[in-house]
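Single-structure report; data block below.
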Amino acid sequence: MSYSAKQRKVKTSVEGADALVRAIKAMGDAAEKVMMRGAEAGGKIALDDARKHCPEDTGALKASLKLTNGKATKTKATVQVDYDKSLTYGTHVELGSRGRPANPFLRNAVDNNQEQINEAIVSEIARAVGGKI
C-alpha cells in the first residue's frame, strides 16, 4: 500500500503466513485478484480515515480523495490513497508550508491504522483462499 503527498510506501507482513502464501501461489492467475482484493480492503480503511480527518474549507480536497489500484502479482499488490493533483494546495495541507503547519491526514490515515489495515488485508486474503488466520 502507498499513499501520496510525497510518496511513502507502507509494507505489511504477516507472522506465520507461509501456508497462506503457498495457497495463494497455487491459485495461479487468480492470485493477482486475491492480492488486489486484500490491498483494496486495507486501502479502504486508510481512505475512510483520511476522509474523516481531512481538513475542510470548501470540501474539495476531501471530496477528491480516492483509492486507486496499482499493480498486482501473485505475491504483491499495491493501492494508492491520494487526492486530485489539480488541487495543488493538497501537498501544503499534508506537509505544511511557510506559515502553515502540517496536517498529515494521509500519512496519519496509514500510520494510525496499521494494525487494522494489516488485519483487513490478511482477513480478505484468507477468506479468498478459504482459510482463517
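The values are calculated or read from the model by the stated rules, or taken from the named source; none is laboratory data. These numbers come from a predicted model, not from an experiment. Note: ideal-geometry Cβ built from the backbone for every residue, glycine included; neighbour counts use all protein chains shown.
Residue pairs whose Cβ atoms lie under 7 Å apart, separated by 6 or more positions or on different chains, with the first residue in region 79-106 and on the phi < 0 side of the Ramachandran plot and touching a residue at least 12 places away in the same chain (Cβ under 8 Å) and the second buried (at least 16 other Cβ atoms within 10 Å of the Cβ) and among the β-branched types (Val, Ile, Thr), are Asn103/Val93; Leu106/Val81.
Ala63 - would you say it is modelled with pLDDT of 95 or more and either part of a strand (DSSP E or B) or touching a helix residue (DSSP H, G or I) at 6+ places or on another chain (Cβ under 8 Å) (or both)?
Values: modelled with pLDDT of 95 or more: yes; either part of a strand (DSSP E or B) or touching a helix residue (DSSP H, G or I) at 6+ places or on another chain (Cβ under 8 Å) (or both): no.
Against the criterion (modelled with pLDDT of 95 or more and either part of a strand (DSSP E or B) or touching a helix residue (DSSP H, G or I) at 6+ places or on another chain (Cβ under 8 Å) (or both)), Ala63 does not qualify.
Can Ala120 be described as touching a helix residue (DSSP H, G or I) at 6+ places or on another chain (Cβ under 7 Å), modelled with pLDDT of 95 or more and assigned to a helix (DSSP H, G or I)?
On the way: touching a helix residue (DSSP H, G or I) at 6+ places or on another chain (Cβ under 7 Å): yes; modelled with pLDDT of 95 or more: no; assigned to a helix (DSSP H, G or I): yes.
So Ala120 does not fit the description; no.
This table checks each residue for (1) part of a helix (DSSP H, G or I); (2) under 18 Å from Ser123 (Cβ atoms); (3) among the β-branched types (Val, Ile, Thr); (4) at pLDDT 95 or above.
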| position | (1), (2), (3), (4) |
| --- | --- |
| Leu20 | yes, yes, no, no |
| Glu32 | yes, no, no, no |
| Met36 | yes, yes, no, no |
| Glu40 | yes, yes, no, yes |
| Ile45 | yes, yes, yes, yes |
| Arg51 | yes, no, no, yes |
| Leu67 | no, yes, no, yes |
| Thr78 | no, no, yes, no |
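The number of residues in region 28-70 being crowded, with 17+ Cβ neighbours inside 10 Å, of a type outside the set (Gly, Ala, Ser) and within 10 Å of the chain's Cα centre (by Cα) comes to 4. Selection of first residues in region 43-57 that are closer than 11 Å to Asn108 by Cα and of second residues that are assigned to a helix (DSSP H, G or I) and charged (D, E, K, R), restricted to Cβ pairs under 9 Å at least 6 apart or on distinct chains, gives the following pairs, ordered by first then second residue: Ala50/Lys62; Cys54/Lys62.
Checked against the criterion of being under 24 Å from Met27 (Cα atoms), free of Cβ contacts under 8 Å to residues at least 24 places away in the same chain and surrounded by 13 or more Cβ atoms within 10 Å (Cβ to Cβ), the candidates Glu124, Glu119 yield just one match: Glu119. The single condition among (1) at pLDDT below 90; (2) of a type in the set (A, V, I, L, M); (3) in a loop (DSSP other than H, G, I, E, B) that Ala102 does not satisfy is (1).
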